[in-house]
1. Taking the range 82-154, which GluC sites (Glu not before Pro) meet the DSSP loop condition and have no more than 14 other C-beta atoms within 10 Å?
2. Counting other Cβ atoms within 10 Å, which chymotrypsin sites (Phe, Trp or Tyr not before Pro) in the range 1-96 have at most 13 and lie in a DSSP loop?
3. Rounding to the nearest 10 and keeping the result within 0 to 90°, find how far the Cα-based axis of helix 91-106 lies from the longest principal axis of the chain.
4. Using a 1.4 angstrom probe, figure out how much accessible area the chain has per residue, in square angstrom, rounded to the nearest whole.
5. At 1.4 Å probe size, with the rest of the protein present, what percent of the exposed accessible area of the range 1-151 is carbon and sulfur atoms?
Amino acid sequence: TDYLTGLANRSKLTEIFCRERAHAQRNQSPLALVYLDIDHFKQINDRFGHEAGDQALRHFASVLSQRLRTTDLLCRLGGEEFAALLPNTDAEQAAAIAEALRERLASTPMMVDGAPVQMTLSAGVATFGQDGERLDELMNAADKRTYAAKRAGRNQVVSAEASVPA
């Protein structure tokens, strides 16, 4: 478990992915991974201090956790990078979930010293099979799409269909 956010960590993601991959293969069911990155996180740290940065990470985790299904796994990979493993979810559904997460975060400002601080995220979607069979392959594909979202102006979701060449 990540000490700061209370979310699963990368090790837990690896463990759960192995189980969900076996389930997806056995049942011919879809499996998706969304890579999530807080936009302009460094500016929050620089402007308000590291305590506000920690608060931003906890806020992000809390807001997104409320929007996910109980079967989904949200985890903190490190820094301001997160991933959501979405069982029984195809690419289109995963993009819709990521978009809902993006909208929820954008509409739920964090309060710092009584003032609202707007937060946004950039996300990339990858699916089991189409983007690879292993977790590292899905992470790589989703990460590239997240960077495409950032290059395209941030605060958006990029999936395979809308993918910008890296």
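The values are calculated or read from the model by the stated rules, or taken from the named source; none is laboratory data. What you are looking at is a predicted structure, and each value in this text was computed from that prediction instead of being measured. No Cβ is skipped: glycine too gets one built from the backbone with ideal geometry, and neighbour counts run over all protein chains shown. Protein only, heavy atoms only, side chains kept; ligands, DNA and RNA dropped before computing areas. Shrake-Rupley method; radii C 1.70, N 1.55, O 1.52, S 1.80 Å.
1. Values: sites: Glu92, Glu99, Glu103, Glu133, Glu137; in loops: Glu133.
When the GluC sites (Glu not before Pro) of the range 82-154 are filtered for loop state and at most 14 Cβ neighbours within 10 Å, Glu133 remain.
2. Working: sites: Tyr3, Phe17, Tyr35, Phe41, Phe48, Phe60, Phe82; in loops: Tyr3.
Filter output for the range 1-96: Tyr3.
3. 10 degrees
4. Values: 8080 Å² over 166 residues.
Per-residue accessible area for the chain comes out at 49 Å².
5. Working: 3360 of 7160 Å².
Roughly 47 percent of what the probe reaches on the range 1-151 is carbon or sulfur.
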